[in-house]
């Protein structure tokens with residue numbers, strides 16, 4: 001009976017830490033993140049009901065310190081959410097160059113496509129994030145990839161009137 005109680009406490013702690021890691025990743029609470037990691041090292045690659053990982057959430061919410069910690073601890077940099085988006089794609093949507101650089105420098109696959117066939121470069125081009133688009137290109141992003149609507153990164157930049165990105169891609 002004592003062993004069963006210990007096992008239930010351990011399962012409860014692991015489940016609780018996996019759920020809490022999503023909130024601390026969004027909010028940037030690095031102290032709580034470190035405590036969760038100490039209790040359950042696998043929590044850094046946990047997946048919520050939308051397919052989001054702590055890395056995807058922290059990158060999307062501009063939590064640079066959390067992103068750095070998760071990458072240092074071996075978080076899956078190429079994990080995809082339920083729509084096929086990665087942390088890098090989220091950053092290319094939001095526009096945080098420092099986080100994009102960290103992700104790319106830690107092995108993020110720059111040509112990975114989501115379920116609409118969009119890439120990080122397509123997102124950076126659509127939202128006019130020239131510095132990110134430039135860094136993606138310097139790291140072998142393929143500007144010829146076409147999304148499921150038949151558009152390249154250049155076409156998306158043109159549709160949005162992002163002249164700096166257009167010049168970069170031409």
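Laboratory data are not the source of any read-out in this text; all were calculated from the coordinates shown. For clarity, every value in this text was computed on a predicted model and none was experimentally measured. Cβ sites come from the backbone with ideal geometry, for glycine too, and all protein chains shown count toward neighbours.
Can you go through 145, 132, 166 and tell me which one is farther than 20 Å from residue 62 by Cβ, out of contact with any strand residue (DSSP E or B) (no Cβ under 8 Å at 6 or more places or on another chain) and in a helix (DSSP H, G or I)? Only one candidate qualifies: 166. Of the residues making up region 52-68, those that are surrounded by fewer than 23 Cβ atoms within 10 Å (Cβ to Cβ), within 11 Å of the chain's Cα centre (by Cα) and not in a loop (DSSP other than H, G, I, E, B) number 1. Of the listed requirements (1) assigned to a helix (DSSP H, G or I); (2) more than 25 Å from residue 121 (Cα to Cα), residue 49 misses just one: (1).
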